[in-house]
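Report on one structure; see the data block that follows.
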Amino acid sequence: MDYKKLQNGSDIRGVALEGIEGQHINLTEQACVDIGRGFALWIRARLGKDDIRIAVGRDSRLSGEALSKWICGAMAQQGMKVTDIGMASTPAMFMSTVVGEEPYDASVMITASHLPFNRNGFKFFTKDGGLEKQDIAAILAYAEADEQTGLAPSDVASGEFMDAYAAVLVDKVRTATGEQKPLEGFKVVVDAGNGAGGFYVEKVLAPLGADTKGSRYLDPDGSFPNHIPNPEDATAMAAIMEAVAETKADLGIIFDTDVDRAGAVLSDGSELNRNRIIAMLAAILLREHPGTTIVTDSITSTGLAAFIENRGGIHHRFKRGYRNVINEAIRLNNNGQDCQLAMETSGHGALMENYFLDDGAYLVTKLLIELARGKKEGYTLESLIADLAEPAESKELRFNIIPEDFKTYGQDVLAKLEKYAQEKEGWSIAPNNYEGVRVNLDKEHGDGWFLLRLSLHDPLMPLNVESDSKGGAITIIKELAGFLMACDGLDTAKLAEIIA
């Protein structure tokens, strides 16, 4: 098969199980074997040596064990010294390349994040971080080629790494607070969504003294029987909010399947996700690093921008895509502009102090430190974002692009919209915009903003709208409707229903 179709940006993803109509397995045993061989060839060429140690972990997906067996065996057959770590988180697999007396040369994580049960895939790491798009393309090219390393085969060893990873988080909190059990007297509940995040209760919160009774769905189960493990999912957030209310917890934590994203619920029952969790972390980091830059994705609110700027920080709104946000933060630092945080509204967040690794467990560990510190100094987590101005309304619409060459068509729509916006009364194009067309509208025309952009991978044009006035979001959508409905290559049927 054409393995290039399995590339999803900087990951490999595919269908690993039957069970959803119209979706047939393409992450087959042969594909996994070839990808394992391809990675062995790629990492050998990258490192320029033959003695290479690789760790492999997986989340709770039903297909994970089989995929692990196949890729581990393929890499060992090519002479790699492979250790099967078993159940792990994506951030832990990166950390396996930088932590301990003898870090691994590379690692592989078997996950498809929050996607349905039938999907799975591979993420790859070296000590320099996650691989980039061009690296994945090279691995898949090796997978398609009839090439071997020529090294003597080795066996697959069994190992464990989550204890070492959790110990790093525990030590982080103890060092920051100066206490062995700084969470004594606090109730913290976790919803792991039956993904790989259940370890956080036993291996991080318990050693720090937290009461975790009332935590939910900690046991790994790749059928995800309770809800999708996704902090952006309304049902998932409702579950952790319910747990906080029932237990009167000081903090609720929710992870996605492989723990590279997280959300939270504060003691007053309010959600801490999207703009709010970025604001919380920005407040902490601007205290620790005055004047630093916070890189976010393109759909963050004007209220968040003002929040960051009011604290002396610089808000750098960039493109969607967690790798885009992280790489932009790295670029700014390399150019001499201090940037401590890169974060998407999806919950992907990476700190310079933590290798710019998008690590949900590390993000909430920063919240635990702040929780303990606030008790000593007389403030709450809620107070840190009390002045964050939040929109009265927000909406997202997605328009399918009909023409086959969707990227060319989408770019043409954006070019026409930019010209159109320049001529509209009450509209002003936002400055320093890196993705799509973002327009601010005055009070008479909706009192907010919209962003129309082209999806990174799919034939879609998402439209995000926010207004500071009740009813303003519909006003903005109606303002824009005439332009969009004149675009014959967009499926605007939903838009017609909304404005009818």
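The values are calculated or read from the model by the stated rules, or taken from the named source; none is laboratory data. From a predicted model like this one, the values you see are computed outputs, not experimental measurements. Reconstructed Cβ throughout: ideal geometry from the backbone, glycine too, with neighbour counts over all protein chains shown. Quick note on the areas: whole protein, heavy atoms, side chains included, nothing else; ligands and nucleic acids left out. Shrake-Rupley method; radii C 1.70, N 1.55, O 1.52, S 1.80 Å.
Filtered by the rule that a residue be within 16 Å of the chain's Cα centre (by Cα), assigned to a helix (DSSP H, G or I) and either under 23 Å from Asp221 (Cα atoms) or not polar (S, T, N, Q) (or both), the stretch 275-299 gives Arg276, Ile277, Ile278, Leu281. Looking at Glu418, is it in a strand (DSSP E or B) and charged (D, E, K, R)? When the stated conditions are applied, Glu418 does not pass them.
With the condition kept exactly as written, say whether any residue in the stretch 457-469 is buried (at least 19 other Cβ atoms within 10 Å of the Cβ), of a type in the set (Asp, Glu) and at positive phi. Checked the stretch 457-469: no residue is buried (at least 19 other Cβ atoms within 10 Å of the Cβ), of a type in the set (Asp, Glu) and at positive phi.
So, in the stretch 260-274, exactly how many residues are surrounded by fewer than 24 Cβ atoms within 10 Å (Cβ to Cβ) and either under 15 Å from the mean Cα position of the chain (by Cα) or part of a helix (DSSP H, G or I) (or both)? Break it down into steps so the answer makes sense when it comes.
Filtering the stretch 260-274 down to residues surrounded by fewer than 24 Cβ atoms within 10 Å (Cβ to Cβ) leaves 266-271, 273-274.
Cutting the leftovers down to either under 15 Å from the mean Cα position of the chain (by Cα) or part of a helix (DSSP H, G or I) (or both) gives us 273-274.
Qualifying residue count, the stretch 260-274: 2.
If the condition is being under 28 Å from Ala167 (Cβ atoms), touching a residue at least 40 places away in the same chain (Cβ under 8 Å) and not small (Gly, Ala, Ser), then the stretch 345-362 contributes His348, Leu351, Tyr355, Phe356, Leu357, Asp358, Asp359, Tyr362.
I'm told Ile402 meets every condition in (1) of a type in the set (A, V, I, L, M, F, W, C); (2) open to solvent by less than 80 Å² (accessible area, probe 1.4 Å); (3) out of contact with any Ser or Thr (no Cβ under 9 Å at 6 or more places or on another chain) except one. Can you identify the failing condition by its number? Here Ile402 clears every test but (2). In the stretch 470-500, the residue that is nearest to Asp405 (Cα to Cα) out of those that are open to solvent by 60 Å² or more (accessible area, probe 1.4 Å) and among the small types (Gly, Ala, Ser) is Ala486.
Each row is one residue, and each column tells you yes or no for (1) open to solvent by less than 10 Å² (accessible area, probe 1.4 Å); (2) at pLDDT 95 or above; (3) among the aliphatic types (A, V, I, L, M).
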{"residue": "Asp258", "(1), (2), (3)": "yes, yes, no"}
{"residue": "Leu281", "(1), (2), (3)": "yes, yes, yes"}
{"residue": "His289", "(1), (2), (3)": "no, yes, no"}
{"residue": "Thr292", "(1), (2), (3)": "yes, yes, no"}
{"residue": "Val295", "(1), (2), (3)": "yes, yes, yes"}
{"residue": "Glu309", "(1), (2), (3)": "no, yes, no"}
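With respect to the stated conditions, Phe406 fails to be in contact (Cβ under 8 Å) with a residue 60 or more places away in the chain and of a type in the set (Phe, Trp, Tyr).
The set of residues in the stretch 15-33 that are assigned to a helix (DSSP H, G or I) and of a type in the set (S, T, N, Q) contains only Gln30. For Val33, the conditions (1) of a type in the set (Val, Ile, Thr); (2) open to solvent by less than 40 Å² (accessible area, probe 1.4 Å); (3) within 28 Å of Gly195 (Cβ to Cβ) all hold with the exception of (2). Residue check: is Gly426 farther than 15 Å from Ala392 by Cβ, out of contact with any Gly (no Cβ under 6 Å at 6 or more places or on another chain) and surrounded by fewer than 18 Cβ atoms within 10 Å (Cβ to Cβ)? Judged against the criteria, Gly426 is a match. Of all residues in the stretch 429-447, exactly one satisfies the criterion of being crowded, with 21+ Cβ neighbours inside 10 Å, in contact with a helix residue (DSSP H, G or I) (Cβ under 9 Å, 6 or more places away or on another chain) and touching a residue at least 60 places away in the same chain (Cβ under 8 Å), namely Gly436. Please work out if Tyr409 is open to solvent by 40 Å² or more (accessible area, probe 1.4 Å), of a type in the set (Ser, Thr, Tyr) and either over 30 Å from Leu169 (Cβ atoms) or assigned to a strand (DSSP E or B) (or both). When the stated conditions are applied, Tyr409 passes them. The set of residues in the stretch 215-254 being open to solvent by less than 40 Å² (accessible area, probe 1.4 Å) and within 14 Å of Val188 (Cα to Cα) consists of Ser215, Arg216, Ile240, Ala243, Val244, Thr247, Ala249, Leu251, Gly252, Ile253, Ile254.
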